[in-house]
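Here is the structure we will look at.
Just so it is clear, none of the values below were taken in a lab; they were calculated from the coordinates. Keep in mind that this is a model prediction, so the values were computed, not measured. In this analysis, Cβ positions are derived from the backbone assuming ideal geometry, glycine residues included, and neighbour counts consider all displayed protein chains.
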Amino acid sequence: MKETSDTLSVTHLQCIRQQHIIFNSLSFELHAGEVLFIEGPNGSGKSSLLRLLTGLSTPSLGDIRWCGKAIKTIYDDYTQQFHYIAHTNGIKQGLTVAENIQLTQHLSLTTSSLPLDLLTSLQLTNFQHTLVKQLSAGQQRRVALAKLFLLSRKLWLLDEPLTALDTTTQTFFLSQLETHLQQGGMAVMSSHQSDIFNSINVNVKPLRLKSC
């Protein structure tokens, strides 16, 4: 099959954890404008699959390709194409909310002022100068999402992104996801909420993983 320029392809992927096969012979393709929605009970391999897609873990068998090339052969370039949010959020606990945002802007070579509209939408305006370690779980998740929305990355890899979020923030996240996909982005995300896409118009590819 001919690869398009923006394609994430997985072929016959196998994941083994503690000498136990979590999933086997897993294959799919993801194109611009699509979201792969991973469902499954705890222990079915949702987080393991996302780590494999980031290259942080190595599959026991199988192949992961970006734009037709194995990610291990283009890893430095590939890491510039995706943004990954795991359960741990990936934010600096010893920095304030504003400092985390400014660090993200620096890494993305953005020199604009603090995005107050984004902080307002994520209900973080009043916490700009608060250390992240002093925030609640939901507030820390919002900081992680702020970084996601600020970085211009083609592929979003999101492990339970709606965890600890209130309804307002979930709605804002979904609107941002819809815009990302409409602009040619793609996403792989897991969630226990099977109806989360009902309120937006997106091309969803479901992937159901079985319990190990």
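Structure above, values below:
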| quantity | calculated |
| --- | --- |
| Residue among 200, 28, 151 farthest towards the positive dipole end of the chain, charges placed on Cβ | 28 |
| Stretch gain in nm, segment residue 125-residue 92, where the contour uses 0.36 nm per residue and the Cα spacing is subtracted | 10.1 nm |
| Against the rule of thumb 2.2 N^0.38 Å, how large the Cα Rg of segment 62-178 comes out | 1.12 |
| Overall dimensions of the chain as given by Cα atoms, namely Rg and Dmax in Å | 17.3, 51 |
| Listed residues 181, 58, 123: farthest to the positive end of the dipole of segment 58-212 (Cβ charges) | 58 |
| The chain - share of DSSP beta bridges that are antiparallel (%, nearest 5) | 45 percent |
| Where a label projected 7 Å from the Cα of residue 170 along Cα→Cβ would reach, residues of segment 187-203 with amide N under 13 Å | 191-200 |
| Inter-label distance for residue 12 and residue 58, nm, one decimal - labels placed 7 Å from Cα along Cα-to-Cβ | 1.9 nm |
| Student exercise, the chain dipole from Lys, Arg, Asp, Glu Cβ charges, in Debye to nearest 20 | 460 debye |
